[in-house]
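Trainee: Can you keep this structure in mind? I'll have questions shortly.
The values are calculated or read from the model by the stated rules, or taken from the named source; none is laboratory data. Keep in mind that this is a model prediction, so the values were computed, not measured. Methodologically, a virtual Cβ is constructed for each residue, glycine included, from the backbone with ideal geometry; neighbour enumeration extends over all protein chains shown.
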Amino acid sequence: MEGRPLGIPLDGALQSSLFFETPAQICERVFRELKPRTAVPRLRVEFCRFANPDSFVRLEDGQITMRVSDLLEGAPAPVFEALAFILLGKLYRKPVARMHTHRYRLYLNRRDVRRQANLVRQIRGRKFLSGPQGEFYNLDEVFARINREYFDGLLASPQLGWSRKASRSMLGHFDPAHNAIIISRIFDRREVPKAALDYVMFHEMLHLQHPVDHSRARRCVHTREFREAEKRFPGLREAREIIKRL
């Protein structure tokens, strides 16, 4: 992996040392630019079959190892350079220029990259789905009722399931790669009012109607349109108060 040069855009805008550099060479150059108070260690770059475009760095036995998603293996050299600044800056607690994080996020938000990432997540990712029937509530019934009352019954039903544990931090989430809504088991209890579960389901269903905005470097999950639509839920304040007490 270390000897494979990274691709460069064909517009000729970059006339720099990025040409013909291997990933390890880019990391070594970035290391020197960050100027940590240590000699340049051995550097190893591994492209791994992760389910998500994740990247990790560690320093062990005098060697820096960067484990990078193979989704980034064909990325332009400036993008890999930006990632090297981010990872090595984190490792050595050095400030990273905003242009590096901006460039990296812009690349991840490219339509073709997002499409490929979703495909890889579907193929490689493991998604636990318990099914809609809980101990006290059936998510199929909740979805159908919310769909009928607030969406005119127009939303196609995704896969529905309860979380493994009764999480208090992740109350619900919509996974577009697997087209699934997962609700925390904390709501599958006799003492939990139906209004709280209805609100969480309504919130996740809004993600079906209002996709994530990828028009900028930082993706926006809850757009202005999403927030405005959320206000349609009649028991919004009451439901949020119940959730705070859980």
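Trainee: Could you check, for the stretch 117-124, whether at least one of its residues is touching a helix residue (DSSP H, G or I) at 6+ places or on another chain (Cβ under 9 Å) and in a helix (DSSP H, G or I)?
Mentor: For the stretch 117-124, residues touching a helix residue (DSSP H, G or I) at 6+ places or on another chain (Cβ under 9 Å) and in a helix (DSSP H, G or I): present.
Trainee: Taking strands (runs of 3 or more DSSP E) that do not extend beyond the stretch 158-198, which have at least 1 residues that are out of contact with any helix residue (DSSP H, G or I) (no Cβ under 9 Å at 6 or more places or on another chain)?
Mentor: 159-162, 180-183
Trainee: Another question, if that's okay. Which residue pairs have Cβ atoms under 7 Å apart, sit 6 or more places apart or on different chains, and have a first residue in the stretch 234-246 that is in a helix (DSSP H, G or I) and surrounded by 12 or more Cβ atoms within 10 Å (Cβ to Cβ) and a second that is among the aliphatic types (A, V, I, L, M) and at pLDDT 85 or above?
Mentor: As it stands, the answer is Glu238/Ala195; Ala239/Ala195; Ala239/Ala196; Ile242/Ala195; Ile242/Ala196; Ile243/Leu171; Ile243/Ala196, since those pairs meet every condition given.
Trainee: Quick test of your reading of the structure: Val96 fulfils all but one of (1) surrounded by 13 or more Cβ atoms within 10 Å (Cβ to Cβ); (2) outside the structural domain of Arg189 (by TED's automatic domain parsing); (3) assigned to a helix (DSSP H, G or I). Name the failing condition by number.
Mentor: (3)
Trainee: For residues in the stretch 35-80 being among the polar types (S, T, N, Q) and modelled with pLDDT under 90, which is surrounded by the most Cβ atoms within 10 Å (Cβ to Cβ)?
Mentor: Asn52
Trainee: Does Asp140 satisfy being assigned to a loop (DSSP other than H, G, I, E, B), acidic (Asp, Glu) and free of Cβ contacts under 8 Å to residues at least 40 places away in the same chain?
Mentor: no
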